[in-house]
1. Across the stretch 377-413, which residue is farthest from Leu111 (Cα to Cα) among those that are surrounded by 12 or more Cβ atoms within 10 Å (Cβ to Cβ) and among the hydroxyl-bearing types (Ser, Thr, Tyr)?
2. Filter the stretch 132-143 down to the residues that are over 13 Å from the mean Cα position of the chain (by Cα) and surrounded by fewer than 21 Cβ atoms within 10 Å (Cβ to Cβ) and list them by number.
3. Give just the number: which of (1) surrounded by 15 or more Cβ atoms within 10 Å (Cβ to Cβ); (2) in contact with a helix residue (DSSP H, G or I) (Cβ under 7 Å, 6 or more places away or on another chain) does Phe360 not satisfy?
4. So, restricting to helices (runs of 4 or more DSSP H) that lie completely within the stretch 235-339, which ones have at least 3 residues that are over 30 Å from the mean Cα position of the chain (by Cα)?
5. Is one or more of the residues making up the stretch 441-452 among the aliphatic types (A, V, I, L, M), assigned to a loop (DSSP other than H, G, I, E, B) and either touching a Ser or Thr at 6+ places or on another chain (Cβ under 8 Å) or over 30 Å from Thr277 (Cα atoms) (or both)?
6. I'd like to check something: does the stretch 364-381 contain any residue that is basic (Lys, Arg) and in contact with a Gly (Cβ under 8 Å, 6 or more places away or on another chain)?
7. Write out, first by first residue and then by second, each pair whose Cβ atoms fall under 8 Å of each other, whose residues are 6+ apart or on separate chains, and whose first residue, in the stretch 286-311, is farther than 30 Å from Thr119 by Cβ and surrounded by fewer than 16 Cβ atoms within 10 Å (Cβ to Cβ) while the second is β-branched (Val, Ile, Thr) and modelled with pLDDT of 85 or more.
Amino acid sequence: MKTLSRIVATALLVSAAPLAGQDRVPARLTLAQAIEIATSTNPGFLQTRNDADLADWDVRQAWGALAPSANVSGGMSWQGSGEQQFGTITLGDLGFTNQPSYYSSNYGLSLSLGLDLATVLGPRQAKAQRRTTIAGIQGAEWTLATQVTTGYVDVLRQEDGVRITEQELANAEFNFRLAQGQLEVGQVTPIDVGQAEIQVGRAEVALLQARNRATTSRMRLLQLLGLPVDQAFEPTTGFALMEPTWSLSELSAIALRDNPELRSRRLFVEASDVGVTSAWSSYLPSLSLSAGWSGFTREASSNDFAIAQAQAQVAGQIQQCVLTNDLYSRLTPPLPPLDCGSLAFTDAQRNAIISGNDQFPFNFVGSPPRLGLTVSIPIFSGLSRQRGLEAAKLARADGQQRVREQELTVQADLAIGLENVRTAYESALLEERNRELADQQLRLARERYQLGAITFVELTDAQTVLAQAESALNIAVFAYHDSVTTLEALLGTSLRF
């Protein structure tokens, strides 16, 4: 027995060109090629397969939560010229007039990290959920493969139906010619010829309807493959009628291991185990770390105001020096006078003011860095933590029950499916024998009709019996293949390839 992946791999080895992304079906289409095309172009499955990318990003996000988050900020502002008011006092009241406009910029960098057990368990939980997602995608892929197999078998069924109706038409035409020959020699009446012609007409209608069913079946298969339906192809994979020698215990072991839905539910329980641990972690302390740094600049649009302030300050110092010397001269004995001539506003001071005002936008002044550590110990949160923990436990318990439910379902369906396969196989063998007998009866009836031993009605009855036997054989054979396909859907693997 080969799994779906091995079938697809074999098809890829024998294929002359890659199938992925194509919009044309090969002229000779095998079942493995049909499954490969469907997994590459079926829109519904491609939507499901995209969930894998999102699951990968969930894992990356969980790992990213263990790294500190970083923020960089910056801004610029402008303040126009004029008097500024501080309560009921303005800068003009303090002697600062003709205020210029100002340009300002600010910068900041901050780092923060919050850690608790739920965050630490995040990657583990995300990986478990990703495994569940991947299992769901694999289940959807196998479901699609089963649908393609069913559609492929139906194409073969309808084509076999066309073959049977073509054979019925050929038999009706032969009987019509036989009746005409018998009429010419006077052994039958024109009524027999008319009845034979009616049988030909009915066979033509049946063939037209059978071809319509075959065309419709092909279109449905192409739709399932995700391809345009106006294409012709020849299905080349044959489905042999094989005796079902599998034992129930052997198939049960395979199904309990490979059944897609069962595997997905088991992985869900594994993810639920991590969810319970994560919910329990809400009772544990959490740790928060933070760090930050900032800087700013402020530059006046004109240097005149700062220079005027400095000049006014120097003039005030000179005036204060003169007043101090006058006071010293009145003392007894007088003190030595101060050197007021050394006080003057120099070009060096002017240049320092101009250079100090040249800050905007990047010649910023940094503030002291800061670090912070916070430990939070939860005490009481209105029973929300316990409720979350109980919900996680119940979700895990529900998942375990769903696993057991699926195991029972698989075992029961498998036993029923195996019995259906065996019954279908035996029925097909019996119908094959019935068809052979009906074919013999029709040949004998034709011989007797030519001898005039029976009427045309009896000949028609023999032909009807053969047509019914052919139809019953077709139904039995493809009922067997449908039963095997159903069995394969339960197993998650192929039994025929």
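1. Applying the filter and picking the extreme gives Thr409.
2. Thr143
3. (2)
4. 248-258, 304-329
5. yes
6. yes
7. Filtered contacts from the stretch 286-311: no entries.
One line per residue, one yes/no per condition, for (1) within 29 Å of the chain's Cα centre (by Cα); (2) within 30 Å of Ala291 (Cα to Cα); (3) modelled with pLDDT of 90 or more:
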site	(1), (2), (3)
Gly366	no, yes, no
Pro378	no, yes, no
Gly388	yes, no, no
Ala391	yes, no, yes
Ala395	yes, no, yes
Arg402	yes, no, yes
Glu405	yes, no, yes
Ala415	no, no, yes
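The values are calculated or read from the model by the stated rules, or taken from the named source; none is laboratory data. It should be emphasised that the depicted structure is a prediction, and the values quoted were computed from it without experimental measurement. Cβ coordinates were reconstructed from backbone atoms using ideal geometry, including for glycine residues, and neighbour counts include every protein chain displayed.
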